[in-house]
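Written below as structure tokens is the structure these notes are about.
None of the figures in this text is laboratory data; all of them are computed from the coordinates on show. Just so you know, these numbers come straight off a predicted model, no measurement behind them. Here the Cβ is made from the backbone with ideal geometry for all residues, glycine too, and neighbour counts use every protein chain on show.
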């Protein structure tokens, strides 16, 4: 049932079906317009219906999409990613984030001949038995070689490496800690450096899951911000502004394994989504997308902080401004968060009570100020209640 897209994961009153999107605005099937702070749960990074992306898509669609093999767009996109991302010497493509993270794990095992994979407690890396948070249909054998550690806890990571012994194939880390319904944490530089050291010492792959954060925090890979380069990275969501695409980038150490690995899908060489990705990267670079999203996210964060103080209602804002999370103090059942976001929804701001949200390059100061008017009404209603 489509996981996070289900409305039973949201308070009653959220729309389920939508009519259209334009820029940072979304219309539900009843015609109500919202300033969109979920951006299709991440894929929309340069705005719904961005004209540069739309033109590239139409041009490629006229030439062909699903052909007998890849188009030149695959080579162009691989070269573009290698030119942008410091650790990348090559790239291969899939369709969604689970494809990318699973390929990274498989490559780590293929190259090393080892089995153990370390993941952070509570981290989300996809919807497949080795990593899904839902245990329905999952067997113990699916997780037989998975070990966990606590994100940003160097001692916990070292302990997990010791438990893996000489069978450690890789360590998977998120761009930052973005667990559902919890305060977010940026990676600690010392933790990131230690993860790199432990992988080097054990001939294991350091894998950064950049599916959610890639191209929002920086164009160079999220752990570049803490001065650490992975061996492998998984990308999806924002890579093609809503067109289905995923990528794995890797260094030369994993090139041979990548050349031998059997990974495929009927639609993995879709030329249209790759044309969309090239156009999306053009837009992001031309407007310095990460900087713009950071500025707009900070404007939203500052406004919510002022309103929180004005009404005497405690909130915790965490994560990078481009991907904000807002949680209420003393709200274990998210009752305040649900009420607040429903009130904001009434006034035209589509927020989420528990999940991190997403900014896009289409958000303007006027859009943020409109949303802050909605959140102010929501704070007022919550204070009155």
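Relative to the dominant Cα principal axis of the chain, helix 365-384 is inclined by about 70°. Relative contact order, whole percent, for the stretch 282-385 stands at 32, derived from Cα pairs under 8 Å and 6 or more residues apart.
Take the Cα of residue 30, go 7 Å toward its beta carbon, and the backbone nitrogen atoms of the stretch 333-361 under 20 Å from that spot belong to 338-353.
Which whole-number percent of Cα pairs in the stretch 32-100 have a distance greater than 14 Å?
Cα-Cα pairs in the stretch 32-100 separated by more than 14 Å: 74 percent.
For the stretch 1-147, the relative contact order works out to 10 percent when only alpha carbon pairs closer than 8 Å and six or more residues apart are counted.
So, R0 is 35 Å and r is the distance between the beta-carbons of residue 167 and residue 82; what FRET efficiency does that work out to, to 0.05?
So the FRET efficiency works out to roughly 0.65.
Given contacts defined as C-alpha pairs under 8 Å and at least six residues apart, what's the relative contact order of the chain, whole-number percent? So the answer I get is 23 percent. Computed from label points 7 Å out along Cα-Cβ, the spacing between residue 365 and residue 135 is 5.2 nm. Entry note: the stretch 1-125 has Rg to Rh equal to 1.03, where both radii use alpha-carbon atoms and Rh is the Kirkwood radius. Can you compute the FRET efficiency between residue 298 and residue 68 using 1/(1 + (r/R0)^6), with r the Cβ-Cβ distance and R0 = 30 Å? Round to the nearest 0.05. The formula returns an efficiency of 0.05 here. Helix 289-311 against the longest principal axis of the chain: what's the angle in degrees, Cα atoms only, rounded to the nearest 10? Between the helix axis and the principal axis of the chain, the angle is about 40 degrees. Maximal additional length on extending the residue 255-residue 200 stretch stands at 18.1 nm, based on 0.36 nm per residue less the C-alpha distance. Spacing of the modelled spin labels on residue 9 and residue 291, each 7 Å from Cα toward Cβ, amounts to 3.4 nm. For the pair residue 121 and residue 266, the difference between a 0.36 nm per residue extended length and the Cα-Cα distance amounts to 48.9 nm.
In this rough spin-label picture, where each label sits 7 Å from Cα along the Cβ direction, the residue 354-residue 52 distance is 3.7 nm.
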